[in-house]
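Working notes for the structure below.
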Amino acid sequence: MSCWIETPTLLDRTTKERLLSFKDSNWSLEAARWLSDTVVELTLRKYPGNHLPVQVVATLDCAHRNAKIGETVVHSFAEIEPTLERALAWRPEPRR
């Protein structure tokens, strides 16, 4: 079995500054939707997929460098990945 994992990176278009980069390459970008010039909604999935919810939506405000994940406000882009991790409830691996 194989799958494509597209780990996202968010760059400032004018300065080329890296705003967001994931340390864990198992995060995959399912969709990105720009809500305005500075706000993007990322739909993310973490592999392997033995967790709930299956996808997590993060809304990032690039101008203010904060985000919202579910009802949780994230005050720094550095806290996005740990907050996404806490949003997942891992299920036990099935017995073989």
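The values are calculated or read from the model by the stated rules, or taken from the named source; none is laboratory data. Note that this is a predicted model, so its numbers are computed, not measured. Virtual Cβ from ideal backbone geometry, glycine too; neighbours counted across all protein chains shown. Each accessible area value is taken on the protein alone, full model and side chains, heavy atoms only, with ligands, DNA and RNA left out. Shrake-Rupley method; radii C 1.70, N 1.55, O 1.52, S 1.80 Å.
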Exercise. Go through the stretch 1-15 and count every residue that is open to solvent by 50 Å² or more (accessible area, probe 1.4 Å), of a type outside the set (Val, Ile, Thr) and within 15 Å of PHE77 (Cα to Cα).
Key: 1
Quiz item: Restricting attention to the stretch 16-31, and to residues there that are within 19 Å of VAL73 (Cα to Cα) and part of a strand (DSSP E or B), which single residue is farthest from the chain's Cα centre (by Cα)?
Solution: LEU19
Quiz item: Under the condition of being out of contact with any strand residue (DSSP E or B) (no Cβ under 7 Å at 6 or more places or on another chain) and open to solvent by 90 Å² or more (accessible area, probe 1.4 Å), which residue from the stretch 16-30 is farthest from LEU84 (Cα to Cα)?
Solution: LYS16
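Listed here are the residues, each with its yes/no results for (1) among the β-branched types (Val, Ile, Thr); (2) touching a residue at least 12 places away in the same chain (Cβ under 8 Å); (3) open to solvent by less than 50 Å² (accessible area, probe 1.4 Å).
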{"residue": "ALA32", "(1), (2), (3)": "no, yes, no"}
{"residue": "GLU41", "(1), (2), (3)": "no, yes, yes"}
{"residue": "LYS46", "(1), (2), (3)": "no, yes, yes"}
{"residue": "VAL56", "(1), (2), (3)": "yes, yes, yes"}
{"residue": "HIS75", "(1), (2), (3)": "no, no, no"}
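Is it the case that ASP37 is in contact (Cβ under 8 Å) with a residue 40 or more places away in the chain and either part of a loop (DSSP other than H, G, I, E, B) or open to solvent by 40 Å² or more (accessible area, probe 1.4 Å) (or both)? Please lay out each step first, then the result.
On the way: in contact (Cβ under 8 Å) with a residue 40 or more places away in the chain: no; either part of a loop (DSSP other than H, G, I, E, B) or open to solvent by 40 Å² or more (accessible area, probe 1.4 Å) (or both): yes.
Criteria not met by ASP37.
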Practice problem: Give the residues of the stretch 59-86 that are part of a loop (DSSP other than H, G, I, E, B) and under 18 Å from PRO8 (Cα atoms), sorted by residue number. | Solution: CYS62, ARG65, SER76
Quiz item: Would a scan of the stretch 40-47 turn up a residue that is in a loop (DSSP other than H, G, I, E, B) and either in contact with a helix residue (DSSP H, G or I) (Cβ under 6 Å, 6 or more places away or on another chain) or at pLDDT below 95 (or both)?
Solution: yes
Exercise. May I ask you to list the residues in the stretch 71-89 that are small (Gly, Ala, Ser) and closer than 24 Å to ASP37 by Cβ?
Key: SER76, ALA78
Quiz item: Between residues in the stretch 2-29 that are on the phi < 0 side of the Ramachandran plot and residues that are surrounded by 12 or more Cβ atoms within 10 Å (Cβ to Cβ) and of a type in the set (Phe, Trp, Tyr), which pairs lie under 6 Å by C-beta distance while being six or more apart or on different chains?
Solution: ILE5/TYR47; THR7/PHE22; THR7/TRP27; LEU19/PHE77; LEU20/PHE77; ASN26/TYR47
